[in-house]
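Note sheet for the following structure.
The values are calculated or read from the model by the stated rules, or taken from the named source; none is laboratory data. Please read these numbers as outputs of a predicted model, since none were measured by experiment. Cβ: placed from backbone, ideal geometry, glycine included. Neighbour counts: every protein chain shown.
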Amino acid sequence: MAEKMEKGGAMVVENEHDDQSGKISSMRTAETLLRLLPMGLCVAALTVMLKNSQTNNDFGSISYSNLGAFKYLVHANGICAGYSLLSAVVTAVPRPSTMSRAWTFFFLDQLLTYVILGAGAVSTEVVYLAYKGDEAITWSAACGSFGGFCHKATASVSITFVVMLCYAALSLISSYRLFSRFDPPSSHSSSKGTEMTARLP
């Protein structure tokens, strides 16, 4: 009877271990896919912007390279695409989680989130001025003459903000993984500290 109970207990432990391994594998797969998603979006955003140019018979031609904000957006999306691919490969490989690895993911996810947010913000301002103009500095709206250029720029900026949301989610995941490794102070140590404080004159 005892032998049967021992075997049953071993089976329960083995099943729990298999369930935990399955959950970890599923989480790794989900994070890998979440890291690959921004790569595709970044490539789409920079491709749209790279092809963004228009010629008008009355006002000449305009290209994304004429505006620093759009060039920054292209570079930022290119960097984020490369990082997304690299981080997805690293995440997909099953390795034991270490503190240095957790800190690296946390730092880079935060950094790239702000980089892509900055690219989207400055490009949004340029697109707004292209549509609305600015009478205070006699900057007239350009989208009436370069409608196709403005539409492509708006599409690229919109995709960039979706990328930013993906990186915000990745930042939350890496933050949770890092800071959940720190255990809160135990009740034993806190009560010990209180007792020592009470004994002091």
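If you check Ala130 against the conditions, is it touching a Gly at 6+ places or on another chain (Cβ under 9 Å), within 15 Å of Phe70 (Cβ to Cβ) and at pLDDT below 90? For Ala130, the condition - touching a Gly at 6+ places or on another chain (Cβ under 9 Å), within 15 Å of Phe70 (Cβ to Cβ) and at pLDDT below 90 - is not met. Just one residue in the set Leu165, Leu117 is under 20 Å from Thr47 (Cβ atoms) and either at pLDDT 90 or above or part of a loop (DSSP other than H, G, I, E, B) (or both); that residue is Leu165. Mind checking whether some residue in segment 140-151 is aliphatic (A, V, I, L, M), surrounded by 12 or more Cβ atoms within 10 Å (Cβ to Cβ) and modelled with pLDDT under 90? Yes - at least one qualifying residue is present in segment 140-151. Return a yes/no flag: does segment 48-56 have any residue that is within 17 Å of Gly147 (Cβ to Cβ), surrounded by fewer than 21 Cβ atoms within 10 Å (Cβ to Cβ) and without any contact (Cβ under 8 Å) to a residue 40 or more places away in the chain. Within segment 48-56, one or more residues are within 17 Å of Gly147 (Cβ to Cβ), surrounded by fewer than 21 Cβ atoms within 10 Å (Cβ to Cβ) and without any contact (Cβ under 8 Å) to a residue 40 or more places away in the chain. Suppose we keep only residues that are without any contact (Cβ under 8 Å) to a residue 40 or more places away in the chain and within 17 Å of the chain's Cα centre (by Cα) within segment 83-101. Which one would you say is nearest to Leu112 (Cα to Cα)? Only one residue fits best here, namely Tyr83.
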